[in-house]
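> Can you read through this structure? Questions will come right after.
The values are calculated or read from the model by the stated rules, or taken from the named source; none is laboratory data. Please read all numbers here as calculations on a predicted model, not as lab measurements. We place every Cβ from the backbone using ideal geometry, glycine too, and count neighbours over all the protein chains shown. Areas reflect the complete protein model, heavy atoms only, side chains present, ligands, DNA and RNA absent. Shrake-Rupley method; radii C 1.70, N 1.55, O 1.52, S 1.80 Å.
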Amino acid sequence: MKFNIWLEKQLEGQIPKEVIAFNFNLYECEAENQFDVQLIGCKKYDLENDDWACDPDYTSGEDLYHFFADGWETALESFVALVKDYLRSCCTPNQFTSADCISAGFVDGDLKIIYHK
């Protein structure tokens, strides 16, 4: 499934209006070079503390985006590029494109800020 289609599906869900920050949790799968992504949304965030993404007000749950990459560093880099492409190409403003903060990171690592107002 293409990333844009998966993300649009998530944005059609029950995201509370108060959510102002989104994070993509990346997971390394057992299958070699396969990664899963979960979208979470929060009503608040703290650029000085990555733990803001640990208490989501919204989550895509088990509806994960799957992709392949050559190692975790490449996975994070290529996923961030997917998000930036979406932000550049999105024609219709939505809750995600209007967010105050968008980040991504492996659940056991640091967050990479993709966008911040």
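> Scan (1) more than 18 Å from HIS116 (Cα to Cα); (2) outside any strand (DSSP E or B); (3) at pLDDT 95 or above for the single condition PHE35 breaks and write down its number.
Failed condition: (2).
> Please state which of the following conditions LYS112 fails to meet, knowing it meets all the rest: (1) surrounded by 12 or more Cβ atoms within 10 Å (Cβ to Cβ); (2) touching a residue at least 24 places away in the same chain (Cβ under 8 Å); (3) farther than 24 Å from GLN14 by Cα; (4) over 12 Å from the mean Cα position of the chain (by Cα).
(4)
> Let me ask you something else. Tell me, please, whether a residue that is assigned to a strand (DSSP E or B), under 13 Å from the mean Cα position of the chain (by Cα) and not β-branched (Val, Ile, Thr) can be found in the range 59-81.
yes
> Looking only at residues that are in contact with a Cys (Cβ under 7 Å, 6 or more places away or on another chain) and free of Cβ contacts under 8 Å to residues at least 40 places away in the same chain in the range 15-54, which one is surrounded by the fewest Cβ atoms within 10 Å (Cβ to Cβ)?
The qualifying residue surrounded by the fewest Cβ atoms within 10 Å (Cβ to Cβ) is ASP36.
> Which residue pairs have Cβ atoms closer than 6 Å, lie 6 or more positions apart in sequence or on different chains, and pair a first residue in the range 92-107 that is without any contact (Cβ under 8 Å) to a residue 12 or more places away in the chain with a second residue that is surrounded by fewer than 17 Cβ atoms within 10 Å (Cβ to Cβ) and assigned to a loop (DSSP other than H, G, I, E, B)?
From the range 92-107, the pairs are THR97/CYS90.
> Read through the list (1) within 20 Å of LEU111 (Cα to Cα); (2) without any contact (Cβ under 8 Å) to a residue 40 or more places away in the chain, then give the number of the only condition that ILE5 fails.
Against the list (1) within 20 Å of LEU111 (Cα to Cα); (2) without any contact (Cβ under 8 Å) to a residue 40 or more places away in the chain, ILE5 comes up short only on (1).
> Taking the condition of being in a strand (DSSP E or B) and touching a Lys or Arg at 6+ places or on another chain (Cβ under 9 Å), how many residues in the range 3-24 meet it?
1
> Next question, about the same structure. In the range 54-67, how many residues are at pLDDT 95 or above, of a type in the set (A, V, I, L, M, F, W, C) and out of contact with any Phe, Trp or Tyr (no Cβ under 7 Å at 6 or more places or on another chain)?
Summing the residues that are at pLDDT 95 or above, of a type in the set (A, V, I, L, M, F, W, C) and out of contact with any Phe, Trp or Tyr (no Cβ under 7 Å at 6 or more places or on another chain) in the range 54-67 gives 1.
> Tally the residues that are farther than 18 Å from ASN33 by Cβ and open to solvent by less than 30 Å² (accessible area, probe 1.4 Å), restricting the search to the range 58-103.
Our first condition is that a residue be farther than 18 Å from ASN33 by Cβ; within the range 58-103, this holds for 58-63, 83-103.
Filter again for open to solvent by less than 30 Å² (accessible area, probe 1.4 Å), leaving 58, 60-61, 83, 86, 96, 99, 101-103.
Qualifying residue count for the region: 10.
> Can you tell me how many residues within the range 45-58 are out of contact with any Asp or Glu (no Cβ under 9 Å at 6 or more places or on another chain) and either part of a loop (DSSP other than H, G, I, E, B) or not acidic (Asp, Glu) (or both)?
First, pick out the residues of the range 45-58 that are out of contact with any Asp or Glu (no Cβ under 9 Å at 6 or more places or on another chain): 46-49, 51, 53-56, 58.
Narrowing the set further to residues that are either part of a loop (DSSP other than H, G, I, E, B) or not acidic (Asp, Glu) (or both) leaves 46-49, 53-56, 58.
Total satisfying the criteria: 9.
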